[in-house]
Amino acid sequence: MFGGLFQSRSPNRDRIPKGQRLTNGFPIMTYGDTPQIKRQDWQFRVWGLATEKTFTWDDFMAMPQSEFTIDFHCVTTWSKLDVKWKGIKVTDFLKYIEVDPKAVHLMEHCYGGYTTNIAMEDFAREENFFAHTLFDEALPIDNGGPMRLVVPHLYAWKSAKWLNGIEFLDKMQLGFWERNGYHHRGEPFAEERYSSF
Ligand SMILES: Nc1nc2c(c(=O)[nH]1)N[C@H]1C(S)=C(S)[C@@H](COP(=O)(O)O)O[C@H]1N2
Ligand SMILES: [Mo]
């Protein structure tokens, strides 16, 4: 009879970082215009400290496909639990390119010009993926369709929508929000919200 009470103090509490609140919807967070890119026109380029290579939609579809259920934390304080996606693991994708061992950092580039930076060790992790499906539907354009990156262990501004390239770097450079005061790494459980530089 007290089940409801105890459930409301649920096991999920540990999954919600300090300063965050649960949302049931899926807020859209976009700076600027939303680029309209069709699957057949989508391209993804790798450059910098990696052998330059351009991939098409079909190239990505031919890679191993995986399913993911992850929690998503936006620095503006909403968190959404158990978001279901399909896509390509970063660790699987990395088998298709040649990265120079000097690459320690990278820049995510998007249609529309958004950028965000990430360290190689935060990028090349098992739980990160390129997403093309959200809750069993083609990834909606507002959520970054046709393809976005998802990096569950960092704040969602690192999960670049309309992704179209990755530039490998020999040192950290700052992306769009990072140049505008956000933390260079952005780990939600450490509350790395703002830059300390
Ligand atoms: N290209 C691009 N990617 C982006 C953004 C953006 O403005 N442009 N916003 C980021 C932020 S701040 C968040 S919280 C998430 C939001 O993803 P959603 O709109 O699918 O909820 O996308 C991230 N990726
Ligand atoms: Mo965000």
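Miscellaneous remarks
- Test: residue in the stretch 71-88 that is within 17 Å of residue 165 (Cα to Cα) and either more than 16 Å from ligand 1 (Cβ to nearest atom) or open to solvent by less than 40 Å² (accessible area, probe 1.4 Å) (or both): yes
- Of all residues making up the stretch 52-70, the number that are in a strand (DSSP E or B), out of contact with any Asp or Glu (no Cβ under 8 Å at 6 or more places or on another chain) and either open to solvent by less than 60 Å² (accessible area, probe 1.4 Å) or closer than 21 Å to residue 151 by Cβ (or both): 3
- Selection within the stretch 149-168 - under 22 Å from residue 75 (Cβ atoms), open to solvent by 10 Å² or more (accessible area, probe 1.4 Å) and of a type outside the set (Gly, Ala, Ser): 152, 153, 157, 161, 162
- Residue list for the stretch 182-197, filter: open to solvent by less than 30 Å² (accessible area, probe 1.4 Å) and over 22 Å from residue 129 (Cβ atoms): 183, 193
- Residue list for the stretch 169-183, filter: in contact with a strand residue (DSSP E or B) (Cβ under 7 Å, 6 or more places away or on another chain) and either under 20 Å from residue 153 (Cα atoms) or in a loop (DSSP other than H, G, I, E, B) (or both): 171, 172, 173, 174, 175, 176, 177, 178, 181, 182, 183
- Among residues of the stretch 25-51, those that are open to solvent by 40 Å² or more (accessible area, probe 1.4 Å), part of a loop (DSSP other than H, G, I, E, B), more than 8 Å from ligand 1 (Cβ to nearest atom) and of a type in the set (A, V, I, L, M, F, W, C), counted: 1
- Hey, residue 120 closer than 21 Å to residue 177 by Cα, free of Cβ contacts under 8 Å to residues at least 60 places away in the same chain, aliphatic (A, V, I, L, M) and more than 16 Å from ligand 1 (Cβ to nearest atom) or not: yes
The values are calculated or read from the model by the stated rules, or taken from the named source; none is laboratory data. What you see is a predicted model, and the numbers here were worked out from it, not measured in a lab. Glycine gets a Cβ as well: all are built from the backbone with ideal geometry, and neighbour counts include every protein chain shown. Ligands, DNA and RNA are stripped out before the accessible areas are found, and what is left, the full protein with its side chains, is counted by its heavy atoms. Shrake-Rupley method; radii C 1.70, N 1.55, O 1.52, S 1.80 Å.
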